[in-house]
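Bear in mind these aren't lab numbers, they're just calculated from the coordinates by the rules spelled out. Keep in mind it's a predicted model, so treat the numbers as computed, not measured. We place every Cβ from the backbone using ideal geometry, glycine too, and count neighbours over all the protein chains shown.
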Amino acid sequence: MSKFWSPIVHTLTPYVPGEQPKIQNLIKLNTNENPYGPSPKVIAALQAEAADSLRLYPDPDSSRLKAAIAGYHGLQVDQVFVGNGSDEVLAHVFQALLKHDKPLLFPDITYSFYPVYCGLYGIQYETVPLNAQFEIAIDDYLRPNGGIIFPNPNAPTGIPLPLADIERLLRANADSVVVIDEAYVDFGAASAVALVNQYPNLLVTHTYSKSRSLAGLRVGYAVGNRTLIEALIRVKDSFNSYPIDRFAEAGAIAAIQDEAYFQQTRRQVIASREQLVNDLQALRFEVLPSGANFIFARHPSYAGEQLAAGLREQAVIVRHFRKPARIADFLRITIGNEGQNQLFMQAIRSVLGV
Ligand SMILES: *Cc1c(COP(=O)(O)O)cnc(C)c1O
């Protein structure tokens, strides 16, 4: 606290990211990073970028990257917005499209950055409880609102929502923007990108951090109607002209171009997830149906806190949320590579004493 702070700073409750411990030999399954490195073609592109040209500013419009993303999805360049990680894209989305007189709606259990942006930008919001199965129930969103946002698959539950439900929401909600945060879509949900030409109120965000193994590069994007994209560009150009540096643009383009590597690593993560679900169910864990690169699981006889602490003693880190109470017994476990998953299972068996 300081008298030098602007008043709003006293009111902020910042987001707390999963920890990035400096300890060696940790089995790190707490932040949904990809266990496989980026495509070798990305590394080569980054090396080529380490050149004299770094003295020059990057392209403020990231035109080559936008063209590559538009090409990948079969859209026009003016339907694409790029930013420094999808967190930055989302921040601009909240400010540019979701601040209205009526409250923004999002699930009570979801990505915990959403209420943080609302605090930063002074956006009124209401949370909508997940149903008893921890699913998003579309009917509960059919009421007056200043916008709607949720991830598909949802986080931290991992549960995917069918595209038909999203389409029903878009039809019933023509007067405000519906944002689908598809951070995990490549691991098992149908993408709403297929609907952006049909619905002017739909915006879809993606990240290169998860399925493209580039959390360290910081690239994310949004696609939607060009009017929505124009609002984002107006905010971005009032904030930072160069959010995508030369490395980020070159690396992300190379990642898009290596479709075979993307498919191979994505499928491997999905296969490992199915194996891990079976192994945990054999130990009596309840695992929510996941379409993501993580699972959300609880054990009938052990508190979540106790399991997380026991794993930590064996240098295995997973994510545990104390609040809300409804999810306090769950662990969110990122899918690792096969070796990491085996070590995780060894550790959990030892915590359970089986
Ligand atoms: C990881 C994540 C993001 C942010 O991704 P970055 O592109 O790394 O900023 C956004 N939304 C959800 C739901 C996420 O899990």
For this session: Select from PRO243, ALA172, TYR111 the residue farthest towards the positive end of the dipole of region 40-257; place +1 on Cβ of Lys and Arg, -1 on Cβ of Asp and Glu, and compute about the Cα centre.
Result: PRO243
Exercise. Fully extended, how many nm does the chain gain between GLU313 and GLN346 (0.36 nm per residue separation, minus their Cα-Cα distance)?
Worked result: 10.6 nm
Problem set entry | Only Lys, Arg (+1) and Asp, Glu (-1) charged, at Cβ; the chain dipole about Cα centre in debye | 560 debye
Seminar exercise, completed: Note to self, the chain gives a 222 nm [θ] from helices alone (DSSP H runs n ≥ 4, -39500 (n - 2.57) apiece, / all residues, nearest 500) of -11500 deg cm²/dmol
Problem set entry | Distance in nm between pseudo-label sites at GLU305 and ASN197 (7 Å out along the Cβ direction from Cα) | 5.3 nm
For this session: Select from THR227, ASN30, ALA292 the residue farthest towards the positive end of the dipole of the chain; place +1 on Cβ of Lys and Arg, -1 on Cβ of Asp and Glu, and compute about the Cα centre.
Result: ASN30
Exercise. More than 37 Å apart: what percent of Cα pairs in the chain qualify?
Worked result: 19 percent
For this session: Net charge near GLU19: determine it from the other residues with C-beta under 13 Å of the C-beta of GLU19, scoring Lys and Arg +1 and Asp and Glu -1.
Result: +3
Exercise. In the chain, what percentage of the DSSP-assigned beta bridges are antiparallel, given to the nearest 5?
Worked result: 50 percent
Exercise. Tally Lys and Arg at +1 and Asp and Glu at -1 over the other residues with C-beta under 15 Å from the C-beta of ARG284: what net charge comes out?
Worked result: -1
Exercise. Region 128-199 to region 219-297: how many Å between their Cα centroids?
Worked result: 16 Å
Exercise. Fully extended, how many nm does the chain gain between ARG171 and TRP5 (0.36 nm per residue separation, minus their Cα-Cα distance)?
Worked result: 55.4 nm
Problem set entry | Computed FRET value (nearest 0.05) for TYR57 with ALA260, which takes r as the C-beta separation and R₀ as 45 Å | 0.85
Problem set entry | Net charge over other residues, Cβ less than 10 angstrom from the Cβ of VAL318 (K, R count +1; D, E count -1) | +4
Exercise. Quick one: length gained pulling GLN133 to GLU286 fully straight, 0.36 nm per residue minus the C-alpha distance?
Worked result: 53.9 nm
For this session: With only Lys, Arg, Asp and Glu charged, each at its Cβ (+1 for the first two, -1 for the last two), find how big the charge dipole of region 268-336 is about the Cα centre; round to the nearest 20 debye.
Result: 280 debye
For this session: Take the Cα of LEU26, step 7 Å along the line toward its Cβ, and report every residue of region 312-351 whose backbone nitrogen sits under 17 Å from that point.
Result: 312-321, 332-337, 340-341, 344
For this session: Any of LYS3/LYS102; LYS22/LYS66; LYS210/LYS236; LYS66/LYS102; LYS102/LYS323; LYS66/LYS210 with alpha carbons more than 29 Å apart? Name them for me.
Result: LYS3/LYS102; LYS22/LYS66; LYS66/LYS102
Seminar exercise, completed: With a Förster distance of 41 angstrom and the Cβ-Cβ distance between ALA328 and LYS102, calculated FRET efficiency to the nearest 0.05 equals 0.85
